[in-house]
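The values are calculated or read from the model by the stated rules, or taken from the named source; none is laboratory data. What you see is a predicted model, and the numbers here were worked out from it, not measured in a lab. When we count neighbours, we look across all protein chains shown, and the Cβ atoms used for this are built from the backbone with ideal geometry, even at glycine. Surface areas here come from the heavy atoms of the whole protein model, side chains and all, with no ligands, DNA or RNA. Shrake-Rupley method; radii C 1.70, N 1.55, O 1.52, S 1.80 Å.
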Amino acid sequence: MMQSHHSYFICGNFMTSGEDKRTQAIEPRLAVDIGGLRLCNPVMTASGTFGYGEEYAPFVDLNRLGAVIVKGLSLEPRAGNPPPRLAETPCGMLNAIGLQNIGVRAFVEQKLPFLKDFTTAVIANIFGETLDEYEKVAEILTAAGGVAALEVNISCPNVKKGGIAFGADPEMAAEVTGRVKQSTNLPVIMKLSPNVTDISAIAESVEAAGADAVSLINTLTGMSVDVERRKPHLYNMTGGLSGPAVKPVALRMVWQVASRVQIPVIGLGGIMTANDALEFLIVGAKAVQVGTANFVDPRATMKILDGMTHYLRKHKLSDISELIGTLGRL
Ligand SMILES: Cc1cc2nc3c(=O)[nH]c(=O)nc-3n(C[C@H](O)[C@H](O)[C@H](O)COP(=O)(O)O)c2cc1C
C-alpha cells in the first residue's frame, strides 16, 4: 500500500515518433520527489477540473500523468450551489460549483477501483467544514488503499469560527495540517488560498505543523455583473477566478513561497501551455498542476508534458531538477 514512499510511480511509454526513438538514449529524466511522493513526471491535474479521472480517460493516457488529483471530497455527498455556477471572464472563468461531490465513501467504492488499474499516482483532494470532518475524510482514504497522497483544500469556511476560511489564518491552517497529519501516514500536501494578505506566512505555518508539501494557488475570489439585468452572473454572487488571468499572481506567490519554505512547492494557476508550466518550475515549483486548461483542451496535460520534454532536450538538460528554481536576475 505504501508504494509511494518506496518507489517511483511508473509512467507509460510516451515515445511518439521515430525521432523520439532515435534520441531515446538522452531522454531527459522527469521524475520528481514531492515530500516522499515519487512521481514519474511533474505534471498533475488540478482538483475539480479533471473529475474523478475516468471522465478524461477517453482523451488522456492517465498512465502518462505524474498524478491524477481528483475532485474535492467531503465526508458526506454535497449537491453544490444552485446554477448558474460558471461564468466566463476575459482570460479566465469564475466558478461557484460549491464543492459538489459524491462523498468520500462513494468515491472509495465507485471511483477508486477504476483509478487503481493505472500506474499513475492518485491524489485525493479533501475538504471539510470542521477539523473533525477533515480528520475523518483523511482516515477513510488512508484505510482504503490506492491513494498516494492527500491534498488538503483549506479555502473552505470554518463553520465553528464563523465561516472564515481555514486557509485565511496561519493558526487555523496549522491546525488542519496537524489534524490531517495525525490521521494519515500518506504524504500531506496543503493547498493554499491566494485570498490572503501574506501567503508566505500561511506556507511557513503549515510547514511548521508538518505539511510534506504545499500547492498553490487555489482560485481568487471574484464576481461579475450582468448590467442589463443588474444581477450577478453567478447565483452565489461570488466565485473562484481561474485560468490565464490568474497566472501572474500565481507565479508571484509560488516564487515568494518557494523562497520561504524548505518543503516542495507545487505550482498552479492559469497553466495552459508547456511554457507556462516551465515558468513555474523556474521560479521554484517542483511540480505543476493543470486546471482550467483541461476544459479548453482535454489533452492539455499531454501537450504540456511533450512541450516540457522538448524544452529539456533543446536546452540539453538531462534532468528536470536542473531547471527547478533557477530563476536569474536581469
Ligand atoms: C470548476 C472548478 C472546480 C474546482 N474544484 C476544486 C476542488 O474541489 N478542490 C480544490 O482544491 N480546488 C478546486 N478548484 C481549483 C483548481 O484546482 C485550481 O486551484 C484553480 O482553478 C487554479 O488553477 P487553473 O487556473 O489552472 O484552473 C476548482 C477549479 C475549478 C475551475
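Table for the structure above
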{"read-out": "Rg/Rh for the range 291-330, where both radii come from Cα atoms and Rh is the Kirkwood radius", "value": "1.10"}
{"read-out": "With Cα atoms, 0 to 90° folded angle of helix 300-314 axis to the chain main axis", "value": "40"}
{"read-out": "Exposure ranking of 93, 308 by accessible area [1.4 Å probe, largest first]", "value": "93, 308"}
{"read-out": "Principal axis box of the range 156-268, alpha-carbon based, largest edge first, Å", "value": "52, 33, 24"}
{"read-out": "Stokes-Einstein diffusion coefficient of the range 193-330, Kirkwood radius over Cα pairs, 10 °C, 1.306 mPa s, in µm²/s", "value": "98"}
{"read-out": "Counted charge near residue 89, where neighbours are those whose Cβ lies closer than 15 Å (Asp, Glu -1; Lys, Arg +1)", "value": "0"}
{"read-out": "Average accessible surface area per residue within the range 28-185, 1.4 Å rolling probe, Å²", "value": "37"}
{"read-out": "Computed [θ] at 222 nm, helices only, for the chain once each DSSP H run of length n ≥ 4 contributes -39500 (n - 2.57)", "value": "-8000 deg cm²/dmol"}
{"read-out": "Distance between modelled label sites at residue 159 and residue 221, nm, 7 Å Cα→Cβ extension", "value": "1.9"}
{"read-out": "Reachable lysines, given that their alpha-carbon falls under 30 Å from the alpha-carbon of residue 314 and they are not under 8 places away in the same chain", "value": "21, 247, 286, 303"}
{"read-out": "Summed residue charge, Cβ within 10 Å of residue 264's Cβ, Lys/Arg positive, Asp/Glu negative", "value": "-1"}
{"read-out": "Between 0 and 90°, nearest 10: helix 131-144 axis offset from the chain longest Cα axis", "value": "40"}
{"read-out": "Fraction of the pair-distance distribution of the range 31-98 above 19 Å, Cα-Cα pairs, percent", "value": "51"}
{"read-out": "Principal axis dimensions, the range 88-169 - Cα atoms, whole angstrom, descending", "value": "38, 36, 20"}
{"read-out": "P(r), alpha carbons of the range 95-230 - 5 Å bins starting at zero, rounded %", "value": "2, 10, 20, 21, 18, 13, 7, 4, 2, 1, 0"}
{"read-out": "Accessible carbon and sulfur surface of the chain relative to its total accessible area, %, 1.4 Å", "value": "54"}
{"read-out": "Whole-number D in µm² s⁻¹ for the chain, Kirkwood Cα-pair radius fed into Stokes-Einstein, 4 °C, 1.567 mPa s", "value": "65"}
